[in-house]
1. Order M87, M160, M221 by their accessible area, 1.4 angstrom probe, all chains in place, largest first.
2. Hey, could you get me the Stokes-Einstein D for segment 67-173, Kirkwood radius over alpha-carbon pairs, 25 °C and 0.890 mPa s, rounded to whole µm² s⁻¹?
3. What distance in nm separates the two pseudo spin-label positions at Y171 and A241, each 7 Å out from Cα along the beta-carbon direction?
4. For the chain, with a Gaussian network of springs between Cα atoms less than 10 Å apart, report the residue from G92, G150, G104 with the top mean-square fluctuation.
5. Which entry in (1) 0.94; (2) 1.02; (3) 1.09 matches Cα Rg over 2.2 N^0.38 Å derived from the coordinates of this structure?
6. How large a share of the accessible area of segment 106-168, in percent, is made up of carbon and sulfur atoms when the probe is 1.4 Å and the other protein chains stay in place?
7. Classify segment 162-256 as rounded, prolate or oblate, taking a ≥ b ≥ c as the square roots of the eigenvalues of its Cα gyration tensor: rounded when a/c is under 1.5, otherwise prolate if a/b is larger than b/c and oblate if not.
8. Given the options A238, A133, A97, state which has the largest fluctuation in a GNM of the chain using a 10 Å cut-off (strictly under) for Cα springs.
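The values are calculated or read from the model by the stated rules, or taken from the named source; none is laboratory data. Since the structure is predicted, the reported quantities are computational estimates derived from the model, not experimental observations. So basically every Cβ, Gly included, is an ideal-geometry build from the backbone, and we count neighbours across all protein chains shown. Ligands, DNA and RNA are stripped out before the accessible areas are found, and what is left, the full protein with its side chains, is counted by its heavy atoms. Shrake-Rupley method; radii C 1.70, N 1.55, O 1.52, S 1.80 Å.
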Amino acid sequence: MKQICLLVLLIVCASCQSPAPPSQQAQQPATVGLIEGITSGQTTLVDLGHALNSKNPYWPGPGYEPFKFEIFATIEKDHVLSGKFAMDEHTGTHLDAPNHFVPGQVPVDKIPLKQLFAPAVVIDVRKQAAANADYLLSTSDLTAFEQAHGRIPDNAVVFMYSGWDERWDDYDKYKNADDKKVLHFPGFSVEAAKFLVDERNIAGIGIDTLSVDYGMSTDFMVHHVSHGKGKFHLENVANLASIPAGGAVVIVAPIK
């Protein structure tokens, strides 16, 4: 199995909500007291996964189909409620395993667990994406982030927050295809991907669009660069507006 739909849950420690000096921000996630904070209500939990249904956007390529769900047993008739679903691996909020584009790389069930429990970094480029649907997150964006919030920590999941999830309920606007069926949505630049995997030793990258490569891409080089170094991708991520730029922890839970 290559990759499959996942539930992503972000845990934010209450102590992370107060601004910290740039030299201290995004350095280490606040992990002490997370469980206790959940019990007491001091820890904020944010679900980063979209709910699955037949109206979900999905990759508009050959062979891909909408999510399907069917109830085959009801309490009234069968004394139990049960159903079955069918979906493509790139439907809904999902994980791209490193072997998605690179032969010989790890499948989803071989991703080291430590990569699935990681500091979360959120880079807000909503203004740029609003002005340019084909916007590419640049190394300048990464430099500006680190100047404001501190160095991106090792083993982090770096999210590009474009604001595109506001289009989630409108498939046409979400894929944003032109008259020639070319897609237009933001993504990571190849240079930014290389910097993150080579200079910051990240666990993976995430985005609130259909792909970490922008919509116009035909070679999917960000996939090749990142997967080539054993990094995973999270696509169609929800609710990035609800988490801070740094200091949070993300739990990624793919189906093995």
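1. Ranked from most to least accessible, the order is M221, M87, M160.
2. My calculation gives 137 µm²/s for D.
3. With each label placed 7 Å out from Cα toward Cβ, I get 2.4 nm.
4. G104
5. Read-out from the structure maps to (2).
6. 52
7. Oblate.
8. Looking only at A238, A133, A97, the biggest GNM fluctuation is shown by A133.
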